[in-house]
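Trainee: Have a look at this one before I ask anything.
What follows draws every value from the coordinates through simple rules; no lab data is involved. Since this is a predicted model, take the numbers as computed values, not measurements. A quick note on method: Cβ atoms are made from the backbone with ideal geometry, for glycine too, and the neighbour counts reach across all protein chains shown.
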Amino acid sequence: MTLSTKQLFQKAEQGGYAIGQFNASTADQIKAIMKIARALKSPVIIGTSEGERDFLGVRVAVKLLEAYEEETGLPIILNADHTKSAAKAEIALKAGYNSIHFDGSELAYEENVKQTKYVVEMCARFSADISVEGELGFLAGASKIIKEKVEIKPEYYTDPAQALDFVTRTGVDRMAIIIGNSHGISIEEPALDIARLKQTYNLIKGRAVIVLHGGSGIPDAQIKDAIVNGIRKINVNTELRAAFHDTLKKVLNESDETTPYKYLAPAMDAMADIVDNKITLFGSANKV
Ligand code: 13P
């Protein structure tokens, strides 16, 4: 029997591993991700930001993933990443998404609580199987190669006690926290605040699982440490974008190939290699 999105995270919690969220905006990228998830027998999350799903189309994303679910027998979570309004969340829900990340982190705290709770209740009205992620703290950067240092100020970090209050009052299934992570790959290696993660995990475990955004460019040893200390979902985008882009650029520069399935294949393979490494690192292989 296929596990529900909530059960998949409960299983990850019991097993002490993390499920990867891989962001995509094209059918080719989704195909590359699914090829590895299938080979490694791993649960997988496809993430689409507002921009990514506007490009792909929400209904197309749902139907594509339904086809992959049928073909592979894998449980697939389709997450509406960084959704900034209830209206946008509703569009994704109506299209058939089974996971919503409502990102109210730019709002004042009480407003974030209020809007996140509203989205949790809206999702529950759609189906009991839709899991919701909330976010607290300020996530700096953007999902690209950043040729300078990304400043992460002390006030950007998530306060563990506030995270507990947030989870209790909103009823979210997942909590995205800021512990020194940022979007994108910058010139400086991130340093995760594992003590803060541990504290947050001890406070909220059993109520919500913890999510690490900005998974690109974080050294493997820090990722392992984060999983040991409670991270159950890790989002990866920039490393996939860079692998796809760099390989495609090279192929197009070096040949006159005009057949899409020929010039796209190496870019998809390069992206698939990253997914392979991440799923292995996150420990979710053979968990379905
Ligand atoms: P990166 O682009 O740093 O991998 O972050 C992705 C992410 O957190 C998507 O929500």
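Trainee: What are the chymotrypsin sites (Phe, Trp or Tyr not before Pro) within the range 110-153 that DSSP puts in a loop, where the Cβ has at most 16 other Cβ atoms within 10 Å?
Mentor: Passing both the DSSP loop test and the Cβ count: Phe138.
Trainee: Now for a separate question. Classify the range 1-111 as rounded, prolate or oblate from the Cα gyration tensor: take a ≥ b ≥ c as the square roots of its eigenvalues, call it rounded if a/c is under 1.5, otherwise prolate when a/b beats b/c and oblate if not.
Mentor: oblate
Trainee: Working from Cα positions, state the angle (0 to 90°, nearest 10) between the long axis of helix 160-170 and the longest principal axis of the chain.
Mentor: So the inclination is approximately 90 degrees.
Trainee: Helix 260-282 against the longest principal axis of the chain: what's the angle in degrees, Cα atoms only, rounded to the nearest 10?
Mentor: Orientation of helix 260-282: about 40 degrees from the principal axis.
Trainee: Roughly how tilted is helix 194-204, in degrees to the nearest 10 and between 0 and 90, from the longest Cα axis of the chain?
Mentor: 60
Trainee: Given axes a ≥ b ≥ c from the Cα gyration tensor, I'd like to know whether the range 119-183 is rounded (a/c under 1.5), prolate (a/b larger than b/c) or oblate.
Mentor: oblate
Trainee: Would you compute, from DSSP H runs of 4+ residues alone, the mean residue ellipticity of the chain at 222 nm, taking -39500 (n - 2.57) per run and dividing by the full residue count, rounded to the nearest 500?
Mentor: -16000 deg cm²/dmol
Trainee: Tell me, what HN-Hα J-couplings in whole Hz come from the Karplus equation 6.51 cos²θ - 1.76 cosθ + 1.60 at θ = phi - 60° for each residue of the range 171-176, using x for Gly and Pro?
Mentor: x, 5, 8, 9, 10, 8
Trainee: Please state the shape class of the range 45-166: rounded when a/c is under 1.5, otherwise prolate if a/b exceeds b/c and oblate if not, all from the C-alpha gyration tensor.
Mentor: oblate
Trainee: What are the lysines whose alpha-carbon lies under 29 Å from the alpha-carbon of Lys262, with same-chain residues fewer than 8 places away excluded?
Mentor: Candidates past the 8-residue exclusion: Lys31, Lys35, Lys41, Lys63, Lys144, Lys249, Lys250, Lys278.
Trainee: If you don't mind, another one. Find the centroid of the Cα atoms in the range 21-44 and in the range 151-206, then give the distance between the two in whole Å.
Mentor: Cα centroid of the range 21-44 versus Cα centroid of the range 151-206: 26 Å apart.
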